[in-house]
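Structure first, commentary second.
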Amino acid sequence: EEKYEEEGEVRVFDSSLYTRHRLPTGLDLFKRSYTLQRASHARDWVRPGGTDGDIFEGMTIGLALGAEEKMWKMTLEACGATVRVLSDIRGGKGQVDVDCCLFNAASDLPPHVISLPLHVTKLVEFIDQTTTPLLDLAWAHQSIIQRKCLPLDSERFTVSLKDNMCNLCKVNSIKRKNGGRLETGDIIQFSRGKNVSYGRIVNILWERQAKGCKLEIQLLESDGGYDLIDCESCPLMTIDEASIQGQVVLLSARDFMKLGYLPKNSAQSNIFNRVSEANQSQI
């Protein structure tokens, strides 16, 4: 509507209009910012992995996710994988060969649960746990965002089905009471007294006897506008989970400058421009 009022016409395949209204595909932990859709992928749909083949092409992936299973099975199959869930293999004999097995660590695995849910225990009966990589769902999520198959032996995504019974331990993800999921690397907005601050989650400290978690945060310095300064020298602090107000979308400068749906008042925005140390030195 805005462009029609300005120019008197709007074309269906308008690359400029598309660029301004792209949506994020997710937070890329390697680039430390959200990745936006690319016009080339919209014009000629390219599956994650590009022209060299789908990211999970030739892989067989075991999946034990409960209520999320149907959606993620379709997603992984669209990316080229053969997906095996409990309903596919129940009644079979012997073990099933899979390249890896995916779980939702934030809701289904220790230390978040005392006992493993049925959909986890039943599926692992059919796989060789000594040789099969057991991974958090975040491995698949990040592979899709980065458009490449990440290593199966990554310590960041490896999970254990055993509880070490420690009262205090570090975890990579938690499920919040509102149903949302937080992971190390996520960018959040949180309260500090009467003020609002921004930061990146460095560590999540899960305490068995506590009602919530402690999070180690690397502060992102705000200029009072849309810029958040993200660098290794930014100070660290620890906050309570209860002080988190929500998650923040941090975009690269190239993507941020072209975005067309930012609120006019930066105080009302949860979308910001990532300014790195390199960017600062050029200012």
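The C-beta contact set for region 158-172 (first residue under 13 Å from Arg208 (Cβ atoms) and modelled with pLDDT of 80 or more, second residue part of a loop (DSSP other than H, G, I, E, B) and aromatic (Phe, Trp, Tyr), distance under 6 angstrom, 6+ apart or interchain) is empty. Restricting to region 124-149, count the residues that are surrounded by 18 or more Cβ atoms within 10 Å (Cβ to Cβ), of a type in the set (S, T, N, Q) and not in a helix (DSSP H, G or I). Number satisfying all stated conditions: 1. For region 175-202, the set of residues classified as over 15 Å from the mean Cα position of the chain (by Cα) and assigned to a strand (DSSP E or B) consists of Gln189, Phe190, Ser191, Arg192, Asn195, Val196, Ser197, Tyr198, Gly199, listed by residue number.
Taking each residue of region 185-204 that is closer than 12 Å to Met237 by Cβ and looking for partners that are of a type in the set (S, T, N, Q) and outside any strand (DSSP E or B) with beta-carbon atoms closer than 6 Å, six or more apart or interchain, yields Phe190/Ser243; Ile201/Thr184. In the condition set (1) open to solvent by 20 Å² or more (accessible area, probe 1.4 Å); (2) in contact with a helix residue (DSSP H, G or I) (Cβ under 6 Å, 6 or more places away or on another chain); (3) over 15 Å from Met59 (Cβ atoms); (4) of a type outside the set (S, T, N, Q), Val96 is compliant with all but (3). Exactly one residue out of Thr35, Thr25, Thr51, Thr60 is modelled with pLDDT of 65 or more, out of contact with any helix residue (DSSP H, G or I) (no Cβ under 9 Å at 6 or more places or on another chain) and among the hydroxyl-bearing types (Ser, Thr, Tyr), and it is Thr60. Tallying residues that are in a loop (DSSP other than H, G, I, E, B) and either of a type outside the set (A, V, I, L, M, F, W, C) or surrounded by 15 or more Cβ atoms within 10 Å (Cβ to Cβ) (or both) within region 208-226 yields 9.
Within region 207-232, residues that are more than 13 Å from Val171 (Cβ to Cβ) and of a type in the set (S, T, N, Q) have Cβ atoms under 9 Å from residues that are open to solvent by 60 Å² or more (accessible area, probe 1.4 Å) and in a loop (DSSP other than H, G, I, E, B) in these pairs: Gln209/Asn167; Gln218/Glu232; Gln218/Pro235, counting only partners at least 6 apart in sequence or on another chain. Apart from one condition, Lys170 fits all of (1) surrounded by 13 or more Cβ atoms within 10 Å (Cβ to Cβ); (2) in a strand (DSSP E or B); (3) among the basic types (Lys, Arg); the exception is (1). Scoring Thr121 on the criteria (1) modelled with pLDDT under 95; (2) in a loop (DSSP other than H, G, I, E, B); (3) surrounded by fewer than 17 Cβ atoms within 10 Å (Cβ to Cβ) leaves a single failure, condition (2).
What number of residues in region 186-206 are in contact with a Lys or Arg (Cβ under 7 Å, 6 or more places away or on another chain) and either open to solvent by 40 Å² or more (accessible area, probe 1.4 Å) or more than 25 Å from Gln268 (Cβ to Cβ) (or both)? Number satisfying all stated conditions: 3. Of everything in region 253-273 that is open to solvent by 40 Å² or more (accessible area, probe 1.4 Å) and in contact (Cβ under 8 Å) with a residue 60 or more places away in the chain, the residue that is farthest from Ser16 (Cα to Cα) is Asn270.
The values are calculated or read from the model by the stated rules, or taken from the named source; none is laboratory data. As the structure is a computational prediction, the values presented were derived from the model and not from experiment. So basically every Cβ, Gly included, is an ideal-geometry build from the backbone, and we count neighbours across all protein chains shown. For accessibility, only protein heavy atoms count, side chains too; no ligands or nucleic acids. Shrake-Rupley method; radii C 1.70, N 1.55, O 1.52, S 1.80 Å.
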